[in-house]
Amino acid sequence: MAMEQINTSAMVTAELWKLVAIATAVVGNLVLTAGLFWIITLSFDAVPPVRLGRMTCLISVSALLNFLPLRPGLLGRAAYLKQHHALPLHQSVWILLSVLATGIVVLATSTLIVLAVPAWWNRLAMALTALAALTAITGPTAHWLLRRRISAAYLWIPLRTADMLLAALRLWLAFWIVQEPIAFDLAIVAGAAAVLVNLAGITPNGLGVREWVVAALVTATAQISTEAGLAAAIVDRAVEATAVAMAGLVSLHRLRWR
């Protein structure tokens, strides 16, 4: 009996740190997304310039509100920046499109490398090469498309890449929690698909759709049941919703206080 209690306690402790790690990664996703929005916004006409701390609060509140239909977080953030930083609404649209385009490029490139390159060391070499190449062309491409001076464009791709890797880490840990571990490269592909579903906005924050897409993708590429795939995706979603709710409420309080 004593040995069984020790084993149960160890299992609970092991699962707890994984849940904490997922929650930490969710917060990391919020911070990295805020950093990307903040850096891109520096290239536009916000007066006074938006500080990183304020942008982090805005992104956290936006992520919370986007669990509601019609993604009110996007409109709320644009309205706030218009009211308090005189940022024209059409520039908020261009900022959002720049973030979306950066994400699609990173997610598509990462998925292609994982699926097309067999050996992990070749994948790593290809990934580093792609990272360097995309980083080098981001500034000139953004300048040509947006017709304005671009600030710190060399950080756009690395920030979105780090964000993608954290999303993959979350799924990798979630599958570990449901005792159906997957390879990290598969977690990258599944995480990329999950982020693309979120970007598509089919449902609020991809609710329901994201879970089924992750489960279907993992089931099709690994010896894992659909039930296990759904369970892992739901674990990730539950932790995400909890972390986003806490971060969003704290950020809303700070914005109201300011």
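The values are calculated or read from the model by the stated rules, or taken from the named source; none is laboratory data. All of these numbers come straight from a predicted model, not from anything done at the bench. In this analysis, Cβ positions are derived from the backbone assuming ideal geometry, glycine residues included, and neighbour counts consider all displayed protein chains.
Quick check on residue 214: is it aliphatic (A, V, I, L, M) and out of contact with any Lys or Arg (no Cβ under 7 Å at 6 or more places or on another chain)?
yes
The selection criterion, being modelled with pLDDT under 95, under 24 Å from residue 26 (Cβ atoms) and not small (Gly, Ala, Ser), does not hold for residue 124.
Going by the structure shown, is residue 60 under 27 Å from residue 193 (Cβ atoms), among the small types (Gly, Ala, Ser) and at pLDDT 95 or above? In short, yes.
One line per residue, one yes/no per condition, for (1) in contact (Cβ under 8 Å) with a residue 24 or more places away in the chain; (2) in a helix (DSSP H, G or I); (3) out of contact with any Cys (no Cβ under 7 Å at 6 or more places or on another chain); (4) not basic (Lys, Arg):
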| site | (1), (2), (3), (4) |
| --- | --- |
| 202 | no, no, yes, yes |
| 217 | yes, yes, yes, yes |
| 220 | no, yes, yes, yes |
| 227 | no, yes, yes, yes |
| 232 | yes, yes, yes, yes |
| 237 | yes, yes, yes, no |
| 243 | yes, yes, yes, yes |
| 249 | yes, yes, yes, yes |
| 256 | no, yes, yes, no |
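Among the residues of the range 101-136, which ones are over 20 Å from residue 190 (Cβ atoms) and over 16 Å from the mean Cα position of the chain (by Cα)? Matches in the range 101-136: 119, 121, 122, 125, 128, 129, 131, 132, 133, 134, 135, 136. Please go through (1) buried (at least 18 other Cβ atoms within 10 Å of the Cβ); (2) modelled with pLDDT of 90 or more for residue 242 and return the number of the only condition it doesn't satisfy. Residue 242 satisfies all of (1) buried (at least 18 other Cβ atoms within 10 Å of the Cβ); (2) modelled with pLDDT of 90 or more except (1).
Yes or no: the range 165-173 includes at least one residue that is closer than 29 Å to residue 76 by Cα and aromatic (Phe, Trp, Tyr). No, the range 165-173 contains no residue that is closer than 29 Å to residue 76 by Cα and aromatic (Phe, Trp, Tyr). Here is a check on your reading of the model: is residue 53 out of contact with any Phe, Trp or Tyr (no Cβ under 8 Å at 6 or more places or on another chain), surrounded by fewer than 22 Cβ atoms within 10 Å (Cβ to Cβ) and of a type in the set (Gly, Ala, Ser)? Yes; evaluated as a whole, the condition is true for this residue.
For the range 225-235, a residue qualifies if it is within 17 Å of residue 170 (Cα to Cα) and surrounded by fewer than 18 Cβ atoms within 10 Å (Cβ to Cβ), and exactly one does: 234.
Results for (1) closer than 30 Å to residue 168 by Cα; (2) at pLDDT below 90, shown as yes or no for each residue.
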| residue | (1), (2) |
| --- | --- |
| 2 | no, yes |
| 14 | yes, yes |
| 31 | yes, no |
| 48 | no, no |
| 56 | yes, no |
| 76 | yes, no |
| 80 | no, no |
| 88 | no, no |
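Inside the range 209-224, residues that are loosely packed, with under 14 Cβ neighbours inside 10 Å and either hydroxyl-bearing (Ser, Thr, Tyr) or on the phi > 0 side of the Ramachandran plot (or both) make up a count of 0.
Given the structure, is residue 185 in contact with a Leu (Cβ under 6 Å, 6 or more places away or on another chain) and either buried (at least 21 other Cβ atoms within 10 Å of the Cβ) or charged (D, E, K, R) (or both)? No; evaluated as a whole, the condition is false for this residue.
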